[in-house]
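The next block holds one structure in the form of structure tokens; read it before the comments.
Please treat every number below as a calculation from the coordinates, not as lab data. All figures in this text were calculated on a predicted structure; none of them were measured in a lab. All Cβ positions, even for glycine, are placed from backbone atoms using ideal geometry, and neighbour counts span all protein chains on display.
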Amino acid sequence: MHTPGKKIPPTRRHVTRVVRGAPATDGAGVELTRVIAQPALPMLDPFLLLDAFRSANAEDYIAGFPAHPHRGFETVTYLLAGRMRHRDNAGHEGVIESGGVRWMTAGRGIVHSEMPEQEQGLLQGFQLWVNLPAANKMDPPAYQEHGAAEIPVEERDDGVRVRVIAGETATGTRGPVVQALTEPLYLDVELPPRARFFERLPTTHNAFVYTIGGTLVADGRDGGVTLRRDDLGVLSPGVQFDAAAGDSGARVLLVAGRPLNEPVARGGPFVMNTKAEVRQAFEDYESGRL
Ligand code: MN
């Protein structure tokens, strides 16, 4: 019952808007779909950027992302298919393969390259940028790297499979990535045709669902909203997220994080709180201090 003047706590999370990924080119000419960090969705605090890449045409990805810097946030690479090699100026190097994740805290700064370790075949995955609080932007760089075998898979009713990359599901499966600053949840959810899925999310986290393939029907403001491939649904505050796959099933990312509510100053590969800090980052990079 509605009591006038009394705020009812939100319970169900519905899709408040649908954003379609836009074609973009980055690195040395990699063709990708930019989902967050485009005019329709500049950011979704603490998430600064989401790119999806998927191509079996080597020309789209072979140039990779040669040496470039980052400061002030985290870059998260999750691969569904292919191999990518990463190398930084502090001597850290690694390869991620299908099903693997590299959660890199750039902190005060690194210079790194991210290159496909393949000359043909499908390369498919995502890069998500997660902001760091002002107090932690200059922390030392850190890596959390996990292969597919280290990422737990929850088998649910209806044949739903949930890969838990970060955070903890309602039934207690914990992903290997831990980040206490933004408490991210990062799930890769596969649904057979018409399967149902629900998950509880921390109430005040910002959250989105991104459709990798198939169709997903979720609650909207007034009735169901259908999300198709490359659609991102921004979720309202609340707890429970309910969805069902369409006739061809669905694969989606469900991602949530604690908003930082701090000023954001962007300059290409640097994300700080003020323009002066971004200028400082460029100066530090140009004088070899990253
Ligand atoms: Mn990078």
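Rg then Dmax, both in Å and based on the Cα atoms of the chain: 18.9, 64. For residue 64, the residues 5 or more places off, or on other chains, whose built amide H falls under 5 Å of its own are 28.
With a Förster radius of 30 Å applied to the C-beta separation of residue 240 and residue 139, the computed FRET efficiency comes to 0.30. In a fully extended conformation the segment linking residue 228 and residue 85 would gain 48.4 nm over its present Cα-Cα distance, using 0.36 nm per residue. For residue 120 and residue 178, the difference between the fully extended length at 0.36 nm per residue and the C-alpha to C-alpha distance is 17.5 nm. Each residue of region 143-157 was assigned a 3J(HN,Hα) from its phi angle through the Karplus expression (A = 6.51, B = -1.76, C = 1.60, θ = phi - 60°), giving 10, 10, 10, 9, x, 3, 5, 8, 9, x, 10, 8, 9, 10, 4 Hz with x at Gly and Pro.
Using the alpha-carbon atoms, what tilt in degrees (0 to 90, nearest 10) does helix 275-286 show relative to the longest principal axis of the chain? Taking the Cα atoms of the chain, the angle to 275-286 is about 40 degrees. In terms of the mean number of neighbouring beta-carbon atoms within 10 Å, the peptides 61-68, 47-54 order highest first as 47-54, 61-68. Using C-alpha pairs below 8 Å separated by at least 6 residues, the relative contact order for the chain is 20 percent. With 0.36 nm allotted per residue and the present C-alpha distance subtracted, the residue 196-residue 57 stretch has 46.6 nm of extension available.
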